[in-house]
Amino acid sequence: MEREELAAFLRRRREELRPEDVGLPVGARRRAPGLRREEVASLAAMSTDYYTRLEQQRGPQPSEQMLASLARALRLTDDERDYLFRVSGRNAPSPQVTATHVAPALRRVLDRLDDTPALILSNLGEILVQNRFAEALFGDSSHFTGHARSMIYRWFTDPGERLVYPAHDRDRQSRAQVANLRAAYASMGPKSRAGELVRVLRKESAEFAGLWERHEVANRYEDHKVLIHPQLGEIEVDCQALFTEDQSQLLLVLTAPPRSEAFDKIQLLGVLGTEKFSSA
């Protein structure tokens, strides 16, 4: 663990960020440039004392989980994230950590979307981060582990996942889920996490196995759909997807026309807070 290098790197990256870069209000005039230590600590879900000790070369060696949280909080690129791990005395991130590291460019856009549901997903349908409106609409997905982290997996193995869509639209969504996974499978290969997910789903879901044989492949860049909230009922939204260059992650933004009934319901999501569709 290179304490001096780690401390200098954390301090420099913190000083180069602005509150608006991470979705925080600018607030009163600041004495020093960049984010405050307590703001970075909050974004990384750690104590201010712990983070301060790292910058002062006094802290213990961070765990891989803690380093991944710091990388997300500081909006590090892949190269910067790997450097953070190495100066902390850790190996470069495992494929699992790499797959869940949010693309900084998408995160910066998400941080500015504070009035409509928006979330960042992997190409396997894993929610990597979501704003409070998306959490209120879709529920908190942070507790899922293993294959269940993928919404595609849950769609074909947990009937409760389908309550978000009207019954008449579920077949279309099933085909779209499989087509999206086949696009990921094509780019990642049969020995990848996409290939593993396909093998598992073909065993666990006859519906998935049948749809997989259709060989439909597509990435959806836009869609118009109706979602069902347990308290607000049907919400008609337009969906726009912004992909990274390698199409491994996408930012999904859901909007409704101003002054429409759906627009008013979306604004209410921020008041109602998180609701799981399984409670409907």
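The values are calculated or read from the model by the stated rules, or taken from the named source; none is laboratory data. Remember, it's a predicted structure, so these values are computed and weren't measured experimentally. Note that we place each Cβ from the backbone using ideal geometry, even for glycine, and neighbour counts take in every protein chain shown.
Points worth noting:
- Residue check for LEU197: of a type outside the set (Ser, Thr, Tyr) and either closer than 17 Å to GLN249 by Cβ or surrounded by fewer than 14 Cβ atoms within 10 Å (Cβ to Cβ) (or both): yes
- The helices (runs of 4 or more DSSP H) falling completely within region 171-280 that include 1 or more residues that are among the aromatic types (Phe, Trp, Tyr) map to 206-212, 261-272.
Let's see how each residue does on (1) exposed (fewer than 14 other Cβ atoms within 10 Å of the Cβ); (2) at pLDDT below 85; (3) over 23 Å from ALA103 (Cα atoms):
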| site | (1), (2), (3) |
| --- | --- |
| PHE9 | no, no, no |
| GLU15 | yes, no, no |
| PRO25 | yes, yes, no |
| ARG29 | yes, yes, yes |
| ALA41 | no, no, no |
| GLY59 | no, yes, yes |
| SER63 | yes, no, no |
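- Cβ pairs under 9 Å, 6+ apart, first in region 238-252 and at positive phi, second in a strand (DSSP E or B): none
- Scanning region 138-181 for residues that are surrounded by 15 or more Cβ atoms within 10 Å (Cβ to Cβ), more than 21 Å from PHE208 (Cα to Cα) and either among the aromatic types (Phe, Trp, Tyr) or in contact (Cβ under 8 Å) with a residue 60 or more places away in the chain (or both) turns up PHE138, GLY139.
- Pairs where the first residue, in region 55-74, is in the same structural domain as LEU110 (by TED's automatic domain parsing) and the second is surrounded by fewer than 20 Cβ atoms within 10 Å (Cβ to Cβ), C-beta under 6 Å, 6+ apart: none
- With respect to (1) of a type in the set (D, E, K, R); (2) at pLDDT below 90; (3) over 19 Å from the mean Cα position of the chain (by Cα), the lone exception for ARG75 is condition (3).
- In the set (1) in contact with a Ser or Thr (Cβ under 9 Å, 6 or more places away or on another chain); (2) of a type in the set (D, E, K, R); (3) exposed (fewer than 14 other Cβ atoms within 10 Å of the Cβ), the condition left unmet by GLU135 is number (3).
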